[in-house]
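The values are calculated or read from the model by the stated rules, or taken from the named source; none is laboratory data. Because the structure is a prediction, the values reported are computed rather than measured. Heads up, the Cβs are rebuilt from the backbone with ideal geometry, glycines too, and the neighbour counts pull from every protein chain shown. The protein model used for the area step is the full one, side chains on, heavy atoms only, and it has no ligands, DNA or RNA in it. Shrake-Rupley method; radii C 1.70, N 1.55, O 1.52, S 1.80 Å.
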Amino acid sequence: PWLQDAKINKLFEPYYWDRYRRLLTQSGLPSGVVRATDEVTDKILDRLGDPRDMSNWSRRGMVVGHVQSGKTANYTGLVCKAADAGFRLIVVIAGIHNNLRNQTQGRIDEGFIGRDTARLASRDKDKRQKIIGVGKFDQREFPVSLTNSIKDFNKATATTNTSSVGQLNVPMVLVIKKN
């Protein structure tokens, strides 16, 4: 366990989580559900390695649940808190089909990034800045996404966009298919 100490020592500032909590509340979720999501994502994050710990550590996990059970809210909240804790590369693995990956990207766009990534990929500059979801609450920071709701991660994206990953001051997220 490391999260409680990080919170006490002000090493965990809930910027992304606060935006997402506001979105959940505004969307009409009962306060008890929002509170439970906050608690369970804290428990999961606490079981991950501390991103400031430079020693080797290995953790794995998977979100499993019934249809309409809150999996998306749970992993989106966890993504937000992981970014707040200092994780800089976040990979969301979403099924094996394009439609599920695209849908998951849309949810991450709304709940974490705050911009429509399909529009960001547009060559038309007037269409590029569509603020959505959490971006409507605070626009000081926007995570970088190497995928968008139209296109999966590919070799061309990897070779042209990953050279400066270590120099980014904001988290980077990819939503990819299993295969």
Given charges at beta-carbon only (K, R positive; D, E negative), |dipole| of region 1-48 in Debye: 120 debye
Residue pairs, from the table Lys7/Lys151; Lys71/Lys151; Lys10/Lys178; Lys43/Lys71; Lys43/Lys155; Lys71/Lys155, whose Cα atoms sit over 26 Å apart: Lys7/Lys151; Lys10/Lys178; Lys43/Lys155; Lys71/Lys155
Relative contact order (percent, whole number), the chain, Cα cutoff 8 Å, 6+ residue spacing: 24 percent
Inter-label distance for Gln4 and Asn99, nm, one decimal - labels placed 7 Å from Cα along Cα-to-Cβ: 4.6 nm
Axial C-alpha extent at least 20 Å, average Kyte-Doolittle at least -1.0 - helices from the chain (DSSP): 31-47, 71-85
Accessible heavy-atom area order of Asp53, Asp109, Asp42, Asp5, highest first, probe of 1.4 Å: Asp5, Asp53, Asp42, Asp109
Two-decimal Rg to Rh for region 3-65 - Kirkwood Rh, Cα set: 1.02
Efficiency of FRET between Asp46 and Tyr15 - r from beta-carbon atoms, R0 22 angstrom, step 0.05: 0.75
Cα centre as origin, Lys/Arg/Asp/Glu Cβ charges: the chain dipole, Debye: 540 debye
Diffusion coefficient, µm² s⁻¹, Stokes-Einstein with Kirkwood Rh over alpha-carbon pairs of region 1-153 at 4 °C and 1.567 mPa s: 79 µm²/s
Gyration tensor verdict on region 23-101 (Cα atoms; rounded if a/c is under 1.5, prolate if a/b is larger than b/c, oblate otherwise): oblate
Ser149 long-range amide H proximity, modeled H, under 5 Å: Thr117, Ala118
Heavy-atom SASA rank of Phe12, Phe87 (probe 1.4 Å, accessible area, largest first): Phe87, Phe12
Rounded to the nearest 10 Å², the accessible area of Glu39 at probe 1.4 Å: 100 Å²
